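Peer 1: I have a structure I would like to understand better, so I am pasting it below and will then ask my questions one at a time.
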Amino acid sequence: MGTTPVKIHVADLHKAFAGNEVLKGITLDVYAREVLCMIGPSGSGKSTFLRCLNGLEEITSGTVEVDGQRIGDPHVNLNQIRENIGMVFQHFNLFPHLSVLKNITLGPTQLKGVSVAVASDQAKKLLAQVGLEDKATAMPNSLSGGQQQRVAIARALAMDPEIMLFDEPTSALDPEMVGDVLHVMQQLAENGMTMVVVTHEMGFAKNVADQVVFMDDGIIQEAGTPAAVFEHPQNARTREFLDKVL
Ligand code: ADP
Ligand code: MG
């Protein structure tokens, strides 16, 4: 009792692509129900880091553990871990030939053996949760970018994950769409989802994050509470970055 479990443990993570080291020793923990926001310039390794968390990139050295299970350990079932980690990308990648409802029910029915009826009921609840209860029969292309991104979030949630990873989920959206998506994410956070969010939305990071990590040049340059990182940045690179984006 009393201790919050570590959901994601990363220690001295290195990742190189053909000798080009992109992650140069990342160490961090994400606790259950925590929101970690990762900020930093383009090319600093944020997406690569997220992809290492669910085994989409093979790591070069170091440790990544999810719920105590080491990614890359041959005895660990990576598919099972991935089912527990939802991922939302900048480009929503919905299946264009499937209705919104089918996009959401595909994973549970195909990967988890959930019946179509049960999956459809759950999908409708998720659509209500993201404010799109009237869009079940719509085709993705008929929706705005912000609506498509909320469908993508509902699709990820349909697998009932314990962890959600977001890679710049609002960067491709028209400004007027951003708020609705951030609102859905904030509600998820308030409901206790463990989240790692790469974002340029500093307002979201300030208001929702438990930890803010500033990444630059493949290294965590600075990490702390939003108040510490945004109001009292210690590192010159952090200050320079924040000066540009705030
Ligand atoms: P960020 O998300 O912070 O913009 P990325 O993780 O996408 O940064 O990329 C960090 C660096 O890694 C970039 O220099 C990028 O070109 C390189 N990189 C990313 N993915 C690959 C890949 N599959 N092969 C080779 N280089 C890559
Ligand atoms: Mg990226």
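FYI, it's all coordinate maths here, none of it is from the lab. Worth saying up front: this structure is predicted, and the values here are computed from it rather than measured. Quick reminder, even Gly has a Cβ in these numbers, built from the backbone with ideal geometry, and neighbours come from all protein chains shown.
Peer 1: Residue 62's amide H: which non-local residues (gap 5+, or another chain) put their own amide H closer than 5 Å, with H modeled 1.01 Å from N in plane and none for Pro or chain starts?
Peer 2: 14
Peer 1: Then there's this: Each residue of segment 238-245 in order: what ³J(HN,Hα) in whole Hz does its phi give by Karplus 6.51 cos²θ - 1.76 cosθ + 1.60, θ = phi - 60°, with x for Gly and Pro?
Peer 2: 4, 4, 5, 5, 5, 4, 6, 9
Peer 1: Can you give the local net charge around residue 160? Use residues other than it whose beta-carbon is closer than 10 angstrom to its beta-carbon, Lys and Arg +1, Asp and Glu -1.
Peer 2: -1
Peer 1: Turning to a different aspect of this structure: If you take the C-alpha gyration tensor of the chain, multiply each eigenvalue by 5 and take the square root, what semi-axes do you get, largest first, in whole Å?
Peer 2: 30, 22, 16
Peer 1: Among residues other than residue 6 whose Cβ falls under 12 Å from its Cβ, what is the net charge (Lys/Arg +1, Asp/Glu -1)?
Peer 2: Counting the neighbours of residue 6, the net charge comes to -2.
Peer 1: Calculate one ³J(HN,Hα) per residue across segment 172-185 by plugging θ = phi - 60° into the Karplus curve 6.51 cos²θ - 1.76 cosθ + 1.60, and present them in order as whole Hz with x for glycine and proline.
Peer 2: 9, 9, 4, x, 6, 8, 5, x, 4, 5, 5, 4, 4, 5
Peer 1: Just add up the charged neighbours of residue 226: K/R +1, D/E -1, any other residue whose Cβ is under 10 Å from the Cβ of residue 226.
Peer 2: Result for the neighbourhood of residue 226: -1.
Peer 1: Hey, another quick one. Answer rounded, prolate or oblate for segment 103-246, using the Cα gyration tensor with square roots of eigenvalues a ≥ b ≥ c: rounded when a/c is under 1.5, else prolate when a/b is larger than b/c, else oblate.
Peer 2: Note, shape of segment 103-246 comes out prolate.
Peer 1: Return the whole-Å distance between the Cα centroid of segment 47-87 and the Cα centroid of segment 197-246.
Peer 2: Taking the Cα centre of segment 197-246 as reference, the centre of segment 47-87 is 25 Å away.
Peer 1: In the chain, how many lysine pairs have Cα atoms under 20 Å apart, counting only pairs 8 or more places apart or on different chains?
Peer 2: The result is 15.
Peer 1: For segment 230-237, what does the Karplus curve 6.51 cos²θ - 1.76 cosθ + 1.60, with θ = phi - 60°, yield as ³J(HN,Hα) per residue in whole Hz, taken in order and with x for Gly and Pro?
Peer 2: Coupling constants for segment 230-237: 7, 9, 9, x, 8, 9, 4, 5 Hz.
Peer 1: Counting only residues 5 or more places away or on other chains, whose amide H sits under 5 Å from the amide H of residue 200 once H atoms are built in the peptide plane?
Peer 2: So residue 200 has HN proximity to no qualifying residue.
Peer 1: Here is a follow-up. Compute the angle between helix 100-111 and the longest alpha-carbon principal axis of the chain, please, reported from 0 to 90 degrees and rounded to the nearest 10.
Peer 2: 80 degrees
Peer 1: For the chain, what is the calculated [θ] at 222 nm in deg cm²/dmol (nearest 500), taking -39500 (n - 2.57) for each run of four or more DSSP H residues and dividing by its residue count?
Peer 2: Roughly -10500 deg cm²/dmol at 222 nm, from the helical runs in the chain.
Peer 1: Which shape class, rounded, prolate or oblate, goes with segment 6-111 when its Cα gyration tensor gives a ≥ b ≥ c as root eigenvalues, a/c under 1.5 marks rounded, and past that a/b bigger than b/c marks prolate?
Peer 2: Because a/c hits 1.5 or more and a/b exceeds b/c, segment 6-111 counts as prolate.
Peer 1: If you take the beta carbon distance between residue 142 and residue 244 as r and set R0 to 35 Å, what does 1/(1 + (r/R0)^6) give as a FRET efficiency, to the nearest 0.05?
Peer 2: Calculated value: 0.40.
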